[in-house]
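One structure is given below, encoded as structure tokens.
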Amino acid sequence: MILKIAFRNTFRQKRRTILTALAMVVGFALLSLTIGLSDGAYGGIIEMFTRNRTGHIQVHREGYLDKPSLYKTIDNPSAVGAAIQNTARVEAWTQRVYGAGLGSVGEKSTAVQIVGVDVAREIRATRFDNRVIEGSVLAETASHEAVIGKGLAKILSAEIGDEIVIVSQGADGSIANDVYQIVGIAESGDDVTDRVVCYLHIEDAQELFVLEGRAHEIVVIVSNINWVDKVTGAIETRLNDPTLDVAPWQVVAKSFYRAMKTDQQGDAISRWVIMLIVAIGVLNTVLMSVLERTREYGVLKAVGTKPVQIFWLVVCEVVIIALASICVGALLGVLINYLFSIYGITYPEEITYGGMKLKTLYAEVNVRCLVIPAITVMISAVIVSLFPAVKAARIMPAKAMRTH
Amino acid sequence: MEQVQKTDVIVTAGVTKVYEADGVPVNALNGIDLTIRSGEFTALVGPSGSGKTTFLNIISGLDSPTAGSVWLAGKVLSEMSGNELSDFRRDNIGFVFQAYNLIPVLTVEENVEYIMLLAGVPKAERHDRVIGMLGAVGLEGVAERTPTQLSGGQQQRVAIARAMVSEPQIILADEPTANLDSKTGADLLEMMRRLNAETGMTFIFSTHDPMVMEGATRLITLRDGRIDTDERR
């Protein structure tokens with residue numbers, strides 16, 4: 001009966017109920033959009049970051065990530081890669097060799113980071129070809145070709161067709177040096193990388209550093225980024241090699257991941273601010289409603305309704321409005337997020353996040369867009385109803401019934 | 001204070017109530033000692049401000065006295081918690097208010113069955129008793145209406161049905177005929193007298209209505225918060 005009274009009470013002052021519900025619906029939709037845009041942005045950044053750089057999972061020789069070294073190599077990368085490829089949900093893999101050296105074009109020299117890539121695999125795994133903005137991609141067989149970063153080309157005043165001389169040290173202690181023809185200019189979206197990177201065919205890099213058949217890194221792409229943790233575990237089990245470290249992108253790019261998480265926490269604060277504003281509005285209308293029905297609560301108490309039942313009557317009334325608002329808000333939230341996931345928001349200028357450049361922000365429609373606003377709206381509604389509910393429950397019947 | 005007898009349903013001893021009105025203390029009741037016996041049909045009369053409503057509120061536990069004690073059906077009201085008082089009122093007292101005080105969002109049937117629902121009476125029994133009680137107060141055929149669809153007299157009948165349906169020991173009525181025309185008032189009074197005679201329920205009214213005063217078996221006059229006269233007929 002208490003529920004019945006609460007339900008019918010919501011229809012008594014229709015305009016006030018609609019206004020209260022509207023505040024909750026708008027709050028829900030705003031929260032949903034904030035989460036959708038935030039998840040969309042971070043999803044886009046993570047996708048770009050992992051696809052262009054780290055991959056979803058990496059395999060290294062034990063301790064390489066903490067202290068990279070030319071000598072910490074995976075000795076049989078092809079066999080390891082083949083085992084990884086046979087793991088469920090693995091889409092592609094590729095291998096890389098890393099080394100530092102001095103790059104010279106004509107009279108100009110600068111420090112370079114040499115990245116030896118397995119061209120065919122790198123294209124499949126990280127869309128390497130998309131990064132080449134000028135010239136061509138490296139040949140699929142070793143041909144002493146180089147693709148250099150856009151910033152590096154500027155520093156060295158290098159153009160397509162120029163020769164770049166690399167001087168470094170081989171793994172056997174010898175002086176490593178060779179000449180490569182620049183066939184392409186690459187842009188990764190990360191300016192720091194683009195100022196130093198020089199891509200070579202992996203066999204050319206292995207020859208330069210005297211690392212025949214060895215690699216520093218195996219990069220794995222999974223078919224869905226949400227499965228990274230499971231696939232990481234599966235690869236570890238399959239490889240069963242204590243000398244190899246298998247790490248998801250969150251571990252590989254620790255500082256990037258932490259910065260992103262901190263940023264997301266900042267978003268959570270803004271969500272609570274939205275709900276606080278909505279809650280204050282709702283509190284006002286609920287208090288008005290309790291004040292208006294003081295006499296009725298007095299009568300209910302007089303005829304034997306317990307204080308706790310009066311308390312639940314007020315809470316139920318707000319919860320009923322909140323439930324209806326959540327349903328409408330969910331429809332609205334999904335619709336808005338869906339529209340923004342198609343059309344997005346285009347920034348007047350490109351923005352950079354963690355070295356990644358973004359021009360358009362797309363929303364994402366996911367469960368979080370519904371569940372978090374629903375929980376937030378419901379918790380806010382219940383909290384907001386507590387004070388008026390206690391006030392109603394403590395009403396003295398005789399005094400309340402003197403109220404007009 | 002003399003010994004409380006089994007037949008005494010209400011006993012008050014030195015009941016005093018002081019209100020603050022604009023910071024000034026007002027003595028609404030000044031040490032009332034009174035015993036009401038089971039089955040009495042009592043009218044509380046007196047001029048406005050004499051303390052009739054305050055006294056009814058205090059003997060029903062709707063308000064608390066500033067000093068003094070109230071025994072109701074053998075219980076000391078001041079010793080009960082809020083929940084105990086609610087249960088006690090639900091099980092022992094039926095209220096009829098001057099302004100009817102029905103729950104506007106409930107139908108007539110729901111208003112009448114509300115107290116039985118709180119008491120956990122089974123649905124079928126509730127329904128039968130509601131229909132029977134609505135028949136007894138002459139309200140057949142209006143069970144599905146809401147209070148706003150009824151006349152003042154009909155609303156007061158619903159209030160009486162609500163007060164009596166759970167068969168409480170005591171019915172407290174605050175000016176029950178004040179908002180009714182004389183014919184409706186007379187009908188209601190007749191109905192309450194009949195129920196009093198048939199069930200032995202104790203009725204206490206506050207009233208200005210000479211017709212109600214005439215029908216009472218005991219007439220208590222209050223003046224300035226004190227019992228001025230107490231006449232049994």
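Remarks
- All told, B:Ser86 falls short of being facing another protein chain (nearest Cβ under 9 Å), outside any helix (DSSP H, G or I), out of contact with any strand residue (DSSP E or B) (no Cβ under 7 Å at 6 or more places or on another chain) and farther than 23 Å from B:Arg232 by Cβ.
- Look at (1) surrounded by fewer than 17 Cβ atoms within 10 Å (Cβ to Cβ); (2) of a type in the set (Val, Ile, Thr); (3) over 28 Å from the mean Cα position of the chain (by Cα); (4) closer than 28 Å to A:Val90 by Cα and you find that A:Val179 fails only one, number (4).
- Across the stretch B:89-107, the number of residues qualifying as assigned to a helix (DSSP H, G or I) and touching a Ser or Thr at 6+ places or on another chain (Cβ under 8 Å) comes to 3.
- Within the stretch A:345-367, not a single residue is among the basic types (Lys, Arg), assigned to a helix (DSSP H, G or I) and either in the same structural domain as A:Phe11 (by TED's automatic domain parsing) or surrounded by fewer than 16 Cβ atoms within 10 Å (Cβ to Cβ) (or both).
- Residue within the stretch A:291-309 that is more than 14 Å from every other protein chain (Cβ to nearest Cβ), in a helix (DSSP H, G or I), in contact (Cβ under 8 Å) with a residue 60 or more places away in the chain and not charged (D, E, K, R) present: no
- Boolean, A:Ala153 is among the small types (Gly, Ala, Ser) and crowded, with 23+ Cβ neighbours inside 10 Å: yes
- A single entry from A:Ala363, A:Ala392 fulfils the requirement of being under 24 Å from the mean Cα position of the chain (by Cα) and of a type in the set (A, V, I, L, M): A:Ala363.
- Checked against the criteria, A:Gly40 counts as in contact with a Leu (Cβ under 7 Å, 6 or more places away or on another chain), assigned to a helix (DSSP H, G or I) and buried (at least 18 other Cβ atoms within 10 Å of the Cβ).
- Strands (runs of 3 or more DSSP E) contained entirely in the stretch A:53-166, each with at least 1 residues that are aromatic (Phe, Trp, Tyr): A:90-105
- Within the stretch A:73-94, being within 29 Å of the chain's Cα centre (by Cα) and among the small types (Gly, Ala, Ser) holds for A:Gly81, A:Ala83, A:Ala88, A:Ala92.
- Helices (runs of 4 or more DSSP H) (entirely within the stretch B:108-199) containing at least 3 residues that are in contact (Cβ under 8 Å) with a residue 60 or more places away in the chain and within 13 Å of another protein chain (Cβ to nearest Cβ): B:152-164
- Close pairs from the stretch A:131-143: first free of Cβ contacts under 8 Å to residues at least 60 places away in the same chain, partner part of a loop (DSSP other than H, G, I, E, B), Cβ under 8 Å, at least 6 apart: A:Ile133/A:Glu187; A:Glu134/A:Ile160; A:Gly135/A:Ile160
- Looking at A:Leu287, A:Leu323, A:Leu291, just one residue is of a type outside the set (Asp, Glu) and modelled with pLDDT of 90 or more, and that residue is A:Leu323.
- Residues that are within 14 Å of the chain's Cα centre (by Cα), buried (at least 16 other Cβ atoms within 10 Å of the Cβ) and polar (S, T, N, Q) are absent from the stretch B:183-195 altogether.
- B:Tyr19 fulfils the conditions (1) surrounded by fewer than 16 Cβ atoms within 10 Å (Cβ to Cβ); (2) within 16 Å of B:Pro176 (Cβ to Cβ) except for a single criterion, (2).
- Checking each residue in the stretch B:64-83 for being part of a helix (DSSP H, G or I) and within 12 Å of chain A (Cβ to nearest Cβ) picks out B:Gly82, B:Asn83.
- Residue check, A:Ala247 out of contact with any Pro (no Cβ under 9 Å at 6 or more places or on another chain), under 30 Å from A:Glu122 (Cα atoms) and crowded, with 17+ Cβ neighbours inside 10 Å: yes
- Flag if A:Val286 is away from chain B (no Cβ under 12 Å), assigned to a helix (DSSP H, G or I), crowded, with 18+ Cβ neighbours inside 10 Å and touching a Pro at 6+ places or on another chain (Cβ under 8 Å): yes
- The requirement of being modelled with pLDDT of 90 or more, touching a helix residue (DSSP H, G or I) at 6+ places or on another chain (Cβ under 9 Å) and within 14 Å of another protein chain (Cβ to nearest Cβ) is not satisfied by B:Val96.
- Hey, A:Ile45 among the aliphatic types (A, V, I, L, M), out of contact with any Ser or Thr (no Cβ under 6 Å at 6 or more places or on another chain) and more than 24 Å from A:Ser255 (Cβ to Cβ) or not: no
- Strands (runs of 3 or more DSSP E) within the stretch B:3-63 that include 2 or more residues charged (D, E, K, R) and in contact (Cβ under 8 Å) with a residue 12 or more places away in the chain: B:8-21, B:24-37
- Residue in the stretch B:210-219 that is within 27 Å of B:Ile58 (Cα to Cα), surrounded by fewer than 14 Cβ atoms within 10 Å (Cβ to Cβ), in contact (Cβ under 8 Å) with a residue 40 or more places away in the chain and not hydroxyl-bearing (Ser, Thr, Tyr) present: no
The values are calculated or read from the model by the stated rules, or taken from the named source; none is laboratory data. None of these values were measured; they are calculated from a predicted model. Glycine also receives a Cβ, built like all others from the backbone with ideal geometry; neighbour counts cover every protein chain displayed.
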